[in-house]
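Peer 1: The structure under discussion is supplied below as structure tokens; questions concerning it will follow.
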Amino acid sequence: MLDISKIRSDFPILSRQVYGKPLVYLDNAATTQKPKCVVEKIEEMYYTLNANIHRGVHFLSQQATDAHEAARVTIQKYIGAKSSNEIIFTRGTTESINLIASSFCREFCKPGDEIILSTMEHHSNIVPWQLQQEISGIKLQVVPLNDRMELIIDELEKKINSRTKLISIAHVSNALGTINDVNRIIEIAHANNVPVLIDAAQSVQHLPVNVQKMDCDFLVFSGHKAYGPTGMGVLYGKEKWLDKLPPYHGGGEMIASVSFEKTTFNVLPFKFEAGTPDFIGSSALATALDYISDLGLDNIAKYEHELLEYATNQLLTIEGLKIYGTSPQKSSVISFLVNGIHHYDMGMLLDKMGIAVRTGHHCAQPLMEAMHVDGTVRASFAFYNTKEEIDKLVAGINRVVSMF
Ligand code: PMP
């Protein structure tokens, strides 16, 4: 059982007011709020051990290096990776996918080879591949969704052929909340010798994720969606793949030796970490993941599911409200529209009541097109949200409906 009022006291921002009303923060799929321990970790590190890492002989540099590498091990354990060499620090999910798209296509793809995505992908898992389409001549195959906005796995299976080089799929959709059956997808892909990249931007903070059990080849996520700092993300890759991939960015730290005649590259994970990394952000992210682990991902998943069920039932009492994404396997995201009311108007009016939701296409325009809408209102819940806040959302929507 989670002690929600104790948890809320760890997040000072939750007790602030907006427009003179208590903040109801329901935009957690965009970014999560930060517990005190994460902010305090950042402060402590700047005050006590700020020094550039890896190359320094002096005391502070060595301490900062130790903290950065210890954070890597925390992340390794959090996602159940075999080795900390498989954890690459990036700026976020977007950079992680761009890295793989660039390095993977350069090494393994020739014109006509195919990458499989799905209709529900975030633009971050579409556009990097489109950029590679122009550079490497690859083709994209897109798996459609059924009426509940679930990925049709049979269609995915049909799209695999001898030209398929990789499947890149979201674990959880940011716009719908649908949880994809990634275990099954990976099983099918591997039976055909195709590697799989999992976009876990919306899953690592909600569900237990273990990359070895899942057997994914790559997995990516962002720190800021998992109660950690912005500008900090992770790329996990099986060592056998990362070893074969060429570097993405060039610069300091990623090299073994440099001359104008020949430059050689560093070992994993440094081969993919050019330049000074966010060596403060790494420890702050590790602190955030420790905070989540202390609450327990099973407890979090259970409580957030309760919030999802409660909110779904309450929202459906509103006449004319339609929920987009009705899979029984959902994380705590609800996308909806109310008859005739534009999502932007709904979002703006809810905001004036202190309720923060997201409106628009949620960086998933192909999905919006498939649903024949130009956007939705999205309420996304975290473990610090409460049923009382959901009641405020429902009352707020009813008020907007009465205004129209
Ligand atoms: N994929 C998914 C599923 C997401 O929800 C997001 C963020 N909304 C991203 C990728 C991109 O993450 P970031 O902007 O942190 O790089």
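The values are calculated or read from the model by the stated rules, or taken from the named source; none is laboratory data. Since the structure is predicted, the reported quantities are computational estimates derived from the model, not experimental observations. Because the Cβ atoms are built from the backbone with ideal geometry, glycine has one as well, and the counts that use them run over all protein chains shown. Heavy atoms of the whole protein, side chains included, go into the accessibility calculation; ligands, DNA and RNA do not. Shrake-Rupley method; radii C 1.70, N 1.55, O 1.52, S 1.80 Å.
Peer 1: So how far apart, in nm, are the two label points at ASP298 and THR317 if each is 7 Å from Cα heading toward Cβ?
Peer 2: For ASP298 paired with THR317, the spin-label model returns 3.3 nm.
Peer 1: If the viscosity is 1.002 mPa s and the temperature 20 °C, what translational diffusion coefficient in µm²/s does Stokes-Einstein give for the stretch 73-192 when Rh comes from Kirkwood over Cα pairs?
Peer 2: Numbers: Rh = 15.3 Å.
My calculation gives 140 µm²/s for D.
Peer 1: 222 nm [θ] for the chain, helices only, -39500 (n - 2.57) per DSSP H run of 4+, per residue, to 500?
Peer 2: Numbers: 14 runs with 159 residues, N = 404.
After summing the helix terms and dividing by residue count, I get -12000 deg cm²/dmol.
Peer 1: Between rounded, prolate and oblate, where does the chain land on the alpha carbon gyration tensor, with a ≥ b ≥ c its root eigenvalues, rounded for a/c under 1.5, else prolate if a/b exceeds b/c?
Peer 2: Values: a/c = 2.09, a/b = 1.26, b/c = 1.65.
It comes out oblate by the Cα gyration axes.
Peer 1: Can you give me the C-alpha center-to-center distance between the stretch 95-164 and the stretch 340-396, rounded to a whole angstrom?
Peer 2: 29
Peer 1: Further question: Taking +1 at the Cβ of each Lys and Arg and -1 at the Cβ of each Asp and Glu, which of GLN130, VAL57, MET45 sits farthest along the dipole of the stretch 1-146 towards its positive end, judged by Cα position relative to the Cα centre?
Peer 2: Of GLN130, VAL57, MET45, it is MET45.
Peer 1: Going by a 4.7 Å Cβ-Cβ cut-off, which cysteines of the chain have no partner at all?
Peer 2: If one checks each Cβ against the other cysteines of the chain, CYS37, CYS216, CYS363 turn up with nothing under 4.7 Å.
Peer 1: What does DSSP give for the stretch 39-294 in terms of the percent of beta bridges that are antiparallel, rounded to the nearest 5?
Peer 2: On the way: 13 of 28 bridges.
DSSP beta bridges in the stretch 39-294 are roughly 45 percent antiparallel.
Peer 1: Hey, another quick one. Report the label-to-label distance for LYS36 and ASN398 in nanometres (one decimal), using points 7 Å from each Cα along the Cα→Cβ vector.
Peer 2: 3.6
Peer 1: Follow-up question, since we're still on this one. Taking Cα pairs under 8 Å and at least six residues apart, what relative contact order does the stretch 39-294 come out at, in percent?
Peer 2: Details: 478 pairs, mean separation 63.3, N = 256.
Reported as a whole number, the value is 25 percent.
Peer 1: Of all accessible surface on the chain at a 1.4 Å probe, what whole percent is carbon and sulfur?
Peer 2: 52
Peer 1: Sort SER335, SER257 by accessible area with a 1.4 Å probe, largest first. Let's see the in-between values first.
Peer 2: On the way: SER335 0, SER257 55 Å².
The residues order as SER257, SER335, largest area first.
Peer 1: Arrange the peptides 192-203, 137-148 so that the one whose residues have, on average, the most other Cβ atoms within 10 Å appears first.
Peer 2: Numbers: 192-203: 23.0, 137-148: 15.7.
So the order, starting with the most tightly packed, is 192-203, 137-148.
Peer 1: With labels modelled as points extended 7 Å from the Cα through the Cβ direction, what inter-label distance (nm, one decimal) is found for PHE260 paired with VAL73?
Peer 2: Reported label-point gap for PHE260 and VAL73 is 4.3 nm.
Peer 1: Compute, for the chain, the length of the dipole vector about the Cα centre, with Cβ point charges of +1 (Lys, Arg) and -1 (Asp, Glu) only. Units Debye, rounded to 20.
Peer 2: Charge dipole, the chain, about its Cα centre: 220 debye, nearest 20.
Peer 1: Now for a different question. So with the 1.4 Å probe, I'd like the accessible area per residue for the stretch 189-328, rounded to whole Å².
Peer 2: Result: 40 Å² of accessible area for each residue.
Peer 1: Read phi for every residue in the stretch 140-145 and hand back ³J(HN,Hα) as whole Hz from Karplus 6.51 cos²θ - 1.76 cosθ + 1.60, θ = phi - 60°, with x for Gly and Pro.
Peer 2: These are the phi-based 3J(HN,Hα) values: 9, 10, 10, 7, x, 10 Hz.
Peer 1: Please work out how much accessible surface CYS109 shows to a 1.4 Å probe, ignoring ligands, DNA and RNA, in Å² rounded to 10.
Peer 2: 20
Peer 1: Given the peptides 47-59, 231-243, 384-396, 91-103, arrange them by the average over their residues of other C-beta atoms within 10 Å, most packed first.
Peer 2: Order by mean packing, descending: 91-103, 231-243, 384-396, 47-59.
Peer 1: Considering the Cα positions of the stretch 277-382, please state its Rg to one decimal place and its Dmax as a whole number of Å.
Peer 2: 16.7, 51
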